[in-house]
Amino acid sequence: MNKLPPEKRAQLLGMMAEGVSLRSITRLTGVSRTTSLKLLVDAGYAFSDYQDRTLRNLPCKRVQVDEIWSFVEMKAKNVPKERRGEYGIGDVWTWTAIDADSKLVPSWFVGNRDAEHARTFLADLASRMAGRIQLTSDALPAYRDAVHDTFLDEIDYAQLVKMYGESPEAEKRYSPPVCIGCESKRITGKPDPKHISTSFVERQNLNIRMGLRRFTRLTNAFSKKFENHVHGLAIYFMYYNFVRIHQTTRVTPAMAADVTDKLWELSDLVRVVEEYETAERDPTMVENIDLERLRNDAGTYTPGRLRRVRSNLEDDGFSS
């Protein structure tokens, strides 16, 4: 089977991470869309696995969480009646966390905006922390119980409650409401009032919206397949964490968080993909950790320090 040379793979991965659509990549590089799509899938598997194994025992102290909307195949209002309730079609939400100091994204999760997936996301986040953290979220009700179930009392948690008003000159359909004030609300522990903020994670979500083509509004570049949506995010966060130098810290987030001591290049991402392709793996295990987390019932997560029970996914269409 023909295989792209490492230099070409590095070029394609860089373009995917910087928000270039697959069809644009084909026009710019001459690489067929099928080949680009295969690299998207292979890299998504590899980067998901690598970050799941590497982003552990992190020294984060202040973490912010939020969620960002997108859709797969069609918006929720356009989903046919016979397909409503089908997982991975219509509105999907990406839950994100960011370390306020290193700017590392230690955990993300793609699913619904509900209590079950809030618990799943925060359970994964809790499993990656080395010690007690201060956590800030918005006022989404699902966070309260999820934080309690996953961290118990081993956390300093606060919510930033924003109050919105309407701008009379705003374009109703696409303009967000105007924030007219906010209130800090302590929920658990002793969070430092000076660090109760969601500014960093909201900026990160803006970066995703602007930098990842699948999230761009009012285009036809939205994801047509749920799995590829997750793969695209795995590539984006791998590039963000390990390759892209943050303007504030002047190093990559992974370096700032002591996950690595070197500045990665695109060639290092290719090396991760190639090592994953040649590694021996248990054929009974699901390859993509993100896809496995999406299908796992939140009930498989035990409150407190995460003790995850793997589900048997061989019959749900996501096994390989």
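The values are calculated or read from the model by the stated rules, or taken from the named source; none is laboratory data. For clarity, every value in this text was computed on a predicted model and none was experimentally measured. Heads up, the Cβs are rebuilt from the backbone with ideal geometry, glycines too, and the neighbour counts pull from every protein chain shown. Just the protein is used for accessible areas: all its heavy atoms, side chains included, with ligands, DNA and RNA removed. Shrake-Rupley method; radii C 1.70, N 1.55, O 1.52, S 1.80 Å.
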- Message: For the structure I just gave you, tell me whether Lys8 is outside any loop (DSSP other than H, G, I, E, B) and either surrounded by fewer than 18 Cβ atoms within 10 Å (Cβ to Cβ) or touching a Cys at 6+ places or on another chain (Cβ under 9 Å) (or both).
- Response: yes
- Task: Identify all residues within the stretch 19-47 that are more than 17 Å from Ser223 (Cβ to Cβ), in a loop (DSSP other than H, G, I, E, B) and either open to solvent by 20 Å² or more (accessible area, probe 1.4 Å) or of a type in the set (D, E, K, R) (or both); write none if there are none.
- Result: Gly30, Ser32
- Item | Condition broken by Ala221, with the remaining ones in (1) among the small types (Gly, Ala, Ser); (2) part of a helix (DSSP H, G or I); (3) surrounded by fewer than 22 Cβ atoms within 10 Å (Cβ to Cβ) satisfied | (2)
- Note on the structure: Of (1) open to solvent by less than 30 Å² (accessible area, probe 1.4 Å); (2) more than 18 Å from Asp124 (Cβ to Cβ), Leu58 satisfies every one except (2)
- Query: Out of the stretch 131-148, which residues are open to solvent by less than 10 Å² (accessible area, probe 1.4 Å) and either assigned to a loop (DSSP other than H, G, I, E, B) or among the hydroxyl-bearing types (Ser, Thr, Tyr) (or both)?
  - Reply: Ile133, Thr136, Ser137, Tyr143
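Condition check ((1) over 30 Å from Val251 (Cβ atoms); (2) β-branched (Val, Ile, Thr); (3) crowded, with 18+ Cβ neighbours inside 10 Å) across all residues:
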{"position": "Ile68", "(1), (2), (3)": "no, yes, yes"}
{"position": "Lys75", "(1), (2), (3)": "yes, no, no"}
{"position": "Asn78", "(1), (2), (3)": "yes, no, no"}
{"position": "Lys81", "(1), (2), (3)": "yes, no, no"}
{"position": "Ala97", "(1), (2), (3)": "no, no, yes"}
{"position": "His117", "(1), (2), (3)": "yes, no, yes"}
{"position": "Met129", "(1), (2), (3)": "no, no, yes"}
- Query: Could you say whether any residue in the stretch 108-115 is without any contact (Cβ under 8 Å) to a residue 40 or more places away in the chain, open to solvent by less than 50 Å² (accessible area, probe 1.4 Å) and closer than 27 Å to Phe242 by Cα?
  - Reply: no
